[in-house]
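The values are calculated or read from the model by the stated rules, or taken from the named source; none is laboratory data. Everything quoted here is computed from the prediction, not taken from an experiment. Cβ placement follows ideal geometry from the backbone for every residue including glycine, while neighbour counts extend to all protein chains displayed. What goes into the accessible areas is simple: the full protein's heavy atoms, side chains included, and nothing from ligands, DNA or RNA. Shrake-Rupley method; radii C 1.70, N 1.55, O 1.52, S 1.80 Å.
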Amino acid sequence: MVAEFEVVPSIIGILFLVIPAMMLGKICKKFGISEIIGFVVAGVILGPFAIGGQIPLFEWGIIHFDDATIALWEMSGIIILFSAGLHFTFRDLIRAGPIAAVIGALGVTVPLAAGYGISQVFGFGWEVSTIIGATLSATSIAVSVTILKEIKRENAREGKILVSSAVLDDVIGLAVLSAVAAIIINQATPTVELVTITLLENVGLWFALLLVAVFILPKIINGIAIASPSSIEVRGTKQGAALGAAFGFSAISFMVGLNPIVGAFAAGMGLAGSKLASQVREFIGRLKVIAEPLFFAIIGAHVNIGLFFDVNWIFFAGILIVAVSSKVFGCGLPAALMMKDTRKGLSVGYGMVARGEVAFITMGIGVVTGVLNDEVYATLVFVILATIIISPTLLRRAYRGIPTESNQ
């Protein structure tokens, strides 16, 4: 019986983290600052490496990264990306496709090359430079879609292009991560053919998953609800089945080697153009009230402020400049040229600046294999934190004083 209550310390810790994060997010919003910044900063302050680690609760500090906490974090990311997909139909992807494909590819290759280059300038070897470049390559989809929702641009043309690009960026970034793992862990040098095959496999698998979600998922969920469409029970059944589909597609995505959150996004897209969309959006919108502050606060909680004194601030400045400029110029300028609109194009670049989940995974490979020392790791952690703060700030400023656009 005692084992049944082992999750209680985790729940208490989550509440200790999420409630202040929600409050700080609201304060930021009141002053015209992105809520994401409030969530992340709250996580840094209250995380296990700061206040949360100093307040005792049972055997640990009140905030600690156990299996339950990490599972809730991952589930929150799935909910956020599922919600984003619900605002993005398959037709929207087709329309944004050519532009998004170019931006997504450049959004990986330009930061990868620039990160590698700046690391070489600072005297690091090829292994460290490769990890740094890979860390800078993948955009955080969760940050991008949340910012768009905040500024009510998720239905604008550039918003749809940004989301499509971010998803493709993530899929391509995982292919790069696979190549990096082969280089670092197996001490193998992948050929151009191997990298190309891995990339095509990842994109192909995600597109196949998307097609199943678009053409089959709505029929399956409708088939689950066999009673009268007007009944509350059926409404709840459809919503529950839709949420189950989000986690199911995330699991499938993980099993085939993709990021689970791109599977959740595919599931959302599968339902976006169906008759279920409005019901599920309303339901998921309520879950996001908790999911968003939880997800971003735990990202902030990953930051060990004790590493502050290990940071090489000159290197930090160089990497941060590369991290921001490589996305703004690598994604924003091509978008501006193809969209024939400088402001909208650059806004795509601004939205691609934030790094997050994949970056932490990539750094983890570097740490576990001994490639990254404490100084480089600490520097990269604070660079990621800075991009999460900079991206929403740039995007909100780009639209300051401009009326919200309707669906285009």
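Overview of results
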| item | result |
| --- | --- |
| Over the chain: helical MRE at 222 nm, DSSP H runs n ≥ 4 each giving -39500 (n - 2.57), nearest 500 | -25000 deg cm²/dmol |
| Proximal aspartates and glutamates to Lys26, defined as alpha-carbon separation beneath 14 angstrom and excluding residues fewer than eight positions away on the same chain | Glu35, Glu150, Glu292 |
| Phi to ³J(HN,Hα) by Karplus 6.51 cos²θ - 1.76 cosθ + 1.60 over the range 37-54, Hz, x for Gly, Pro | 4, x, 4, 5, 4, 4, x, 4, 6, 9, x, x, 8, 10, 4, x, x, 9 |
| Whole-Hz couplings from phi, Karplus 6.51/-1.76/1.60, listed for the range 58-63; x for Gly and Pro | 6, 8, 10, x, 4, 10 |
| Cα Rg, Dmax (largest Cα-Cα span) when computed across the range 40-86, Å | 13.4, 41 |
| Longest to shortest principal axis, alpha-carbon extents of the chain, angstrom | 68, 57, 48 |
| Accessible area, probe 1.4 Å, largest first, for residues Lys344, Lys160 | Lys344, Lys160 |
| Cα shape, the range 17-157, gyration tensor, a/c 1.5 rule | oblate |
| With DNA, RNA and ligands ignored, accessible area of Val171 (1.4 Å probe; Å², nearest 10) | 0 Å² |
| Residue among Leu380, Ser325, Ser274 farthest towards the positive dipole end of the range 267-380, charges placed on Cβ | Ser274 |
| Accessible area of the chain divided out per residue, in Å², using a probe of 1.4 angstrom | 43 Å² |
